[in-house]
Protein chains: 2
Amino acid sequence: MLNVTASNDRPHTLCQYCFFREPGCSKLCGKTSSDMHQLKKKETLFYEGDRFKGLIQILNGTIKVTKYLDDGRRFIVGFYHRGDVIWLTTDGRYSYTAEAITDIKYTVFSLDWLSHDPHSLDAVVASRFLSFMCGDLEVSHDHMMLLARKSSIERLSSFLLQHAERMKTLDRGMVLLPMSRGDMADHLGMTTETVCRTLKKMKQLRVINIDHVKIIRFLNIDALQSFAEGRDELLPAV
Amino acid sequence: MLNVTASNDRPHTLCQYCFFREPGCSKLCGKTSSDMHQLKKKETLFYEGDRFKGLIQILNGTIKVTKYLDDGRRFIVGFYHRGDVIWLTTDGRYSYTAEAITDIKYTVFSLDWLSHDPHSLDAVVASRFLSFMCGDLEVSHDHMMLLARKSSIERLSSFLLQHAERMKTLDRGMVLLPMSRGDMADHLGMTTETVCRTLKKMKQLRVINIDHVKIIRFLNIDALQSFAEGRDELLPAV
DNA sequence: CGTGCCTTTGAAAGAGCTCAATCCTGGTGG
DNA sequence: CCACCAGGATTGAGCTCTTTCAAAGGCACG
């Protein structure tokens, strides 16, 4: 059996109780281990329509945040791992559903100081939020480019590289994929079947290896990066 | 001849010199007409790689903000009209190109107070920024859902409704489309040809009318909204 | 060691894309 | 005021990448 969450339990290099992702920032966040919550795999953090609980930071494990269309079509806004912060509401209610992909631990920051009285917002904290959100916005724009213009192999290459970058949990080019093929598909605007076939094709091209359903290994990062950036010169001619 | 920009010159209901989009906020923004710049149609505000000039607010006209892939594939992040603010950089350089679609007027806010010294950031201003960006992020998520999962008629319905909402410039359900078909395509992840064909189909379904290449009129808003939300029950069976 | 869910594979169909030609329209110059 | 031009818009035909539908395979978990 493969224990997928185990490898996430390595020592933390960031402050593990706050959203600043920096070592030793306890004076800013004031968080301790007693603020920690947990959920089991497949349990739900919040549903669309739920009241905003506050700012959520994932301490351990992975969650997915999903939007639905009436007829069931889904889009996964993103996957959130250790250290990531979920900040997804303008009007006090979530328009997303968040579900644990693995067992998770998380912290909630209530946002009294960010309510309707802007004077209560500390400038330092606000500045941090701004750069967080600015980064998120840039990520969103890149992802829109991916969805609007990239082919399936380009999408998966981009995704794998970006995911590996965020999930530095395994060694020697090995990357853990805690989410299902269907989840990847819903994040990348594809179908489960196309994700499978494209991964297979990448394996045949010797760009990656599929060591296990949930563990892929990079064999040719340069090629991956070429694909991710839309240069497909290594693809066999049709 | 059709003067496309004329209809944008109606009296402003918002503060026209600042990014707060509120009437009479001069004490916050400190802007006057002397801060105004202009550009002609097709001229460029900034190129990818340009140094961040500051926060740009469009006072009049429309611009498009574009991202490019190496091989020329394009994605238009968004169209910005009167009152909109462009805030697109994390590292001091633009990773986008901004081009005027019509003649435009705009203001630049230099961001000395948002530099590396977070204490110089006024909490009120920061709070405003936060809600702006939060809104942008939500718009981005909706757009990703559109790109990932919606059909061409659903994309165009969503776009037309959203665009009309932001461009309340014409009466009786008429909407001005300052951008070309190709621009719409690059925003919606389609091709010029598919945009044309889909608009034609919507016209045949009597959901819209194309009064002029750049002016469409809503004939059945309910149907449009159904399409936009992914309910295609009005579509003729195949 | 069975069961159910997820993954993989196959075959056929289709939505949207590509390439190419033609049509408009607004702007230009006479 | 009119003819002409260039660039965008439209239309057509064929094609391709993905999707859809269906079935089989494999693995984790009880």
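The values are calculated or read from the model by the stated rules, or taken from the named source; none is laboratory data. Quick caveat, the model's predicted, so the values are computed rather than measured. Glycine gets a Cβ as well: all are built from the backbone with ideal geometry, and neighbour counts include every protein chain shown.
I need the full set of residues from the stretch B:210-232 which are within 15 Å of DNA strand C (Cβ to nearest atom) and not basic (Lys, Arg), in order please.
B:ILE210, B:ASP211, B:HIS212, B:VAL213, B:ILE215, B:ILE216, B:PHE227, B:ALA228, B:GLY230, B:ASP232 - these are the residues of the stretch B:210-232 that are within 15 Å of DNA strand C (Cβ to nearest atom) and not basic (Lys, Arg).
Show the residue pairs that are 6+ apart or on different chains and have beta-carbon atoms under 8 Å apart, the first residue being within the stretch B:184-197 and over 19 Å from B:ASP142 (Cβ atoms) and more than 8 Å from chain A (Cβ to nearest Cβ), the second being at pLDDT below 95 and more than 9 Å from DNA strand D (Cβ to nearest atom).
Cβ pairs passing all conditions: none.
When residues of the stretch B:46-65 are filtered for being surrounded by 18 or more Cβ atoms within 10 Å (Cβ to Cβ) and in a strand (DSSP E or B), how many remain? Working first, answer last.
Quick first cut of the stretch B:46-65, residues surrounded by 18 or more Cβ atoms within 10 Å (Cβ to Cβ) only: B:46, B:55-65.
If we keep only those that are in a strand (DSSP E or B) too, we end up with B:46, B:55-60, B:63-65.
So the answer is 10.
Mind counting the residues in the stretch B:198-217 that are near DNA strand D (Cβ under 10 Å from one of its atoms) and either of a type in the set (A, V, I, L, M, F, W, C) or within 14 Å of another protein chain (Cβ to nearest Cβ) (or both)? It would help to see each step written out before you state the result.
As a first pass, look at the stretch B:198-217 and keep what is near DNA strand D (Cβ under 10 Å from one of its atoms): B:198-201, B:203-204, B:210, B:212-214, B:216.
Narrowing the set further to residues that are either of a type in the set (A, V, I, L, M, F, W, C) or within 14 Å of another protein chain (Cβ to nearest Cβ) (or both) leaves B:199, B:210, B:213, B:216.
Qualifying residue count for the region: 4.
With A:GLY49, A:GLY78 as the choices, which residue is at pLDDT 85 or above and either on the phi < 0 side of the Ramachandran plot or within 14 Å of another protein chain (Cβ to nearest Cβ) (or both)?
Values: A:GLY49 fails: either on the phi < 0 side of the Ramachandran plot or within 14 Å of another protein chain (Cβ to nearest Cβ) (or both).
None of the others qualify; the one that does is A:GLY78.
Working only within the stretch B:150-209, note down all residues that are within 13 Å of DNA strand C (Cβ to nearest atom), surrounded by fewer than 20 Cβ atoms within 10 Å (Cβ to Cβ) and more than 26 Å from A:ASP71 (Cα to Cα).
Residues satisfying the conditions are B:SER180, B:ARG181, B:GLY182, B:THR192, B:GLU193, B:CYS196.
Matching residues to (1) in contact with a His (Cβ under 6 Å, 6 or more places away or on another chain); (2) in contact (Cβ under 8 Å) with a residue 40 or more places away in the chain; (3) within 12 Å of A:HIS141 (Cα to Cα):
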{"position": "B:GLY78", "(1), (2), (3)": "no, yes, yes"}
{"position": "B:VAL85", "(1), (2), (3)": "no, yes, no"}
{"position": "B:THR90", "(1), (2), (3)": "no, no, no"}
{"position": "B:ARG93", "(1), (2), (3)": "no, yes, no"}
{"position": "B:TYR96", "(1), (2), (3)": "no, yes, yes"}
